[in-house]
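The values are calculated or read from the model by the stated rules, or taken from the named source; none is laboratory data. These figures come from a predicted structure and were not determined experimentally. Here the Cβ positions follow ideal geometry from the backbone for every residue, glycine too, while neighbour counts run over all protein chains shown. Please note that ligands, DNA and RNA were not included when accessible areas were found on the heavy atoms of the full protein model with its side chains. Shrake-Rupley method; radii C 1.70, N 1.55, O 1.52, S 1.80 Å.
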Amino acid sequence: MTKIANYYFEMKIAIKKFVILLVAVVILFLAGRIFLIYFTKTGIEASVQSMQHCCFETLNGELKYIDEFNSQNPNIIMYFHPECEHCQYEASEFGKNQELWGKANIIMITPDTLTERIKIFAIQYHLIGIKNLVILLDRKNTFEHYFGTSIIPTFYIYGADQKLIKKYSGETKISAIINIIN
């Protein structure tokens with residue numbers, strides 16, 4: 001009986017050590033993930049303070065770097081989706097207030113890959129005729145990598161010096177954006 005009791009005692013100790021080791025590994029893994037997310041987010045927040053050098057596709061299939069727009073003008077980057085009701089409201093406000101944008105570059109970026117739906121959206125909300133407005137496709141889903149968010153809609157407003165002035169997440173009054181760029 002002592003051998004059997006001794007065996008169970010040793011098994012209990014081995015199981016306890018295994019559980020403690022397993023818990024320690026899980027805690028270290030989770031801590032590592034938290035630090036990785038924190039440092040990635042911090043790095044993106046720092047890099048987004050200046051206009052990003054990232055490439056997206058135009059509706060015509062051309063590649064366009066967003067930091068190559070007229071650098072003497074402010075830049076408004078809007079991350080949107082044509083089926084988002086908030087984005088539809090924002091687009092209608094863009095279309096209604098064309099004369100208030102001045103020389104600002106409006107760069108609308110969408111993760112939607114259906115070019116026809118985007119063209120219909122642009123026509124419906126009178127975006128086609130707006131001077132200095134371009135719609136770009138994020139076919140490779142790189143927006144979040146460069147800007148750290150995928151909230152739709154999100155606005156990034158950069159001054160003529162290509163430095164971030166303001167970021168808005170979610171539906172934003174167009175008057176707030178206009179006040180910043182003017």
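Measuring r between the beta carbons of TYR8 and LEU30 and using R0 = 30 Å, the FRET efficiency lands at 0.35.
Considering only alpha-carbon pairs that sit under 8 angstrom and 6 or more positions apart, the relative contact order computed for the stretch 37-181 is 33 percent. How much of the accessible area of the stretch 111-160, in percent, comes from carbon and sulfur atoms when a 1.4 Å probe is used? The C+S portion of the solvent-accessible surface of the stretch 111-160 is 55 percent.
A crude spin-label estimate for the pair ALA176 and ASP161, with each label 7 Å from Cα along the Cβ direction, gives 2.4 nm. Heavy atoms of the protein chains alone define the surface here; on that basis the stretch 55-182 has 50 Å² accessible area per residue at 1.4 Å probe size. Where does the charge balance sit around GLN162 when Lys and Arg score +1, Asp and Glu -1, over other residues with C-beta under 13 Å from its C-beta? So the environment of GLN162 carries a net charge of -2.
Summing charges over neighbours of THR110, with a neighbour being any other residue whose Cβ is under 15 Å away from its Cβ, gives -3 when K and R count +1 and D and E count -1.
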